[in-house]
1. For every helix of n ≥ 4 consecutive DSSP H residues, a contribution of -39,500 (n - 2.57) applies; sum these over the chain, divide by its total residues, and give [θ] at 222 nm rounded to the nearest 500 deg cm²/dmol.
2. Does anything in segment 169-183 have its amide N under 15 Å from the 7 Å Cα→Cβ label point of Glu123, and if so which residues?
3. If you take the beta carbon distance between Arg212 and Arg271 as r and set R0 to 22 Å, what does 1/(1 + (r/R0)^6) give as a FRET efficiency, to the nearest 0.05?
4. Given R₀ = 41 Å, what would the calculated FRET efficiency be for Ala18 paired with Ser251, taking r from the Cβ atoms and rounding to 0.05?
5. Over the chain, what is the mean sequence separation of C-alpha contacts under 8 Å (at least six apart), divided by residue count, expressed as relative contact order in percent?
6. Give, in nm to one decimal, the length gained when the segment between Phe238 and Asp102 is fully stretched (0.36 nm per residue of separation minus the Cα-Cα distance).
7. Contour minus end-to-end for Ala279 and Leu5, with contour as 0.36 nm per residue of separation and end-to-end as the Cα-Cα distance?
8. Please work out the C-alpha center-to-center distance from segment 273-310 to segment 55-72 and express it in whole Å.
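All of the numbers you see were taken from the coordinates with simple rules; none came from a lab. In this text the structure is predicted, and so the values were computed from the model without any measurement. Reconstructed Cβ throughout: ideal geometry from the backbone, glycine too, with neighbour counts over all protein chains shown.
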Amino acid sequence: MRFLLTREQADFARSLDAMLTAADPPGAVRAWENGEHGPGLEVWRRVAEAGVFALAVPETYEGVGLLPVELVVAFVQLGRHAVPGPYVETAAAAVLLGGSPDLAKEWLPRIAAGDALVTLAEEGGYALDADAADAVFVLGPPPRAGSVRGDLRVSADAARRLYAVRGSGDALPVTAGAAGAARELARLLTAAQALGVGDALLARTVAYVKQRTQFGTPIGAFQAVKHRLADTLVGLEFARPLLYGAALSRSGAEVAGAKAATGEAACAAARTALQLHGAVGYTQELDLSLWLRKARPLRDAWGAPATCRARVLAG
C-alpha cells in the first residue's frame, strides 16, 4: 500500500509554499498582532484564490467538495508560514453551516470564494479573531450564532486574538451531527497547522546551526546538537502519517491521536529551536519568535493533549 501524497497533492503543496513565501507572512503576522488586519486579509485573499476554502465546501455551493487530505496538505503549509487568521475556524464553520440548506446557501459560496471570514468557538470558550470576523458561531449545545464579543484576551501567541463570546444568539437549524463534524475538522486542521509549525521550526534551526560557529566549527557538527535535531525530526515524522491517516479515516479517535502527536512534536521542535538558537531565540525581533509562540497554543486549541488521549482511549 502506498502512503505518499499524489503528484497533484504534492504540486498543490509546492504552489501554496511558493505563494505564501511571496506574500510576506511575517509582516502580516506582526500587523495582525496589533489589530491591523489589512496585510493578513491580503494573504487570506490569496489563499482563497488558491482554492483552499473551496476544499471545505461541497460542489453544490461552489466548492470542490469536502476533501480532508487536501485540506491537511494546505493547512500544513499555513502552519509552516505562520499565517494569521481563523483559517481553521472558517473551514470548520463551513461544515457546521452545511448542516442547514438555508445557512449553506447563504454562507458557503462566500466562504468558498474567501469573501466571508467567520470564526467558531466552543460554548463558554473563546472565539479566535472575532474582531476581524463577519460572524461568530458557537458549538452549542445547541449550535448558535454568537452576537456579542467580549474583551480581548492575551494569548501566548499575540497573533491569536481571543474574545470571550457573551450574550446568546439564535440557535442554528443544523443537523444533529453538524457540530460534531465541525469540531472534528477543527481538531484535524489544527493538528495540520501544528505539524507545519514544527516543520518550520526545525528547518530554521537546521539552517542556523550550519551558520553559527563555536571554536571555529559550525555548532551543527557537534554530536549533541545532531542528536537533538534527529530526535525532533523523528517526533515530527512519527506524527505525520498519523495526521494523514486521520484525514483519510475521519475517525474521531484517530483525529485525536494525530492532534496529540502533532501538538507534542511541535512543542518539542519549539524547545529545540529555542535552546539551539541560544539567547537570540528569545528576541521578538527574530522571526523565529512568530513560530515559537504558536506551538503551545496550537497544541491546546480544539483539544489539549489530555483530552485527545482520553478520546483515543475511549475508541
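1. Numbers: 11 runs with 184 residues, N = 315.
Here the helix-only value at 222 nm equals -19500 deg cm²/dmol.
2. What the label zone holds, given the 15 Å backbone N cut-off, is 169-174, 176-180, 183.
3. On the way: r = 18 Å, r/R0 = 0.80.
After rounding to 0.05, the efficiency reads 0.80.
4. Numbers: r = 33 Å, r/R0 = 0.81.
Rounded to the nearest 0.05, the efficiency is 0.80.
5. On the way: 585 pairs, mean separation 51.0, N = 315.
About 16 percent, as a whole number.
6. On the way: separation 136, 0.36 × 136 = 48.96 nm, distance 4.20 nm.
This chain segment gains 44.8 nm when fully extended.
7. Working: separation 274, 0.36 × 274 = 98.64 nm, distance 3.83 nm.
Fully extending the segment from Ala279 to Leu5 adds 94.8 nm.
8. 30
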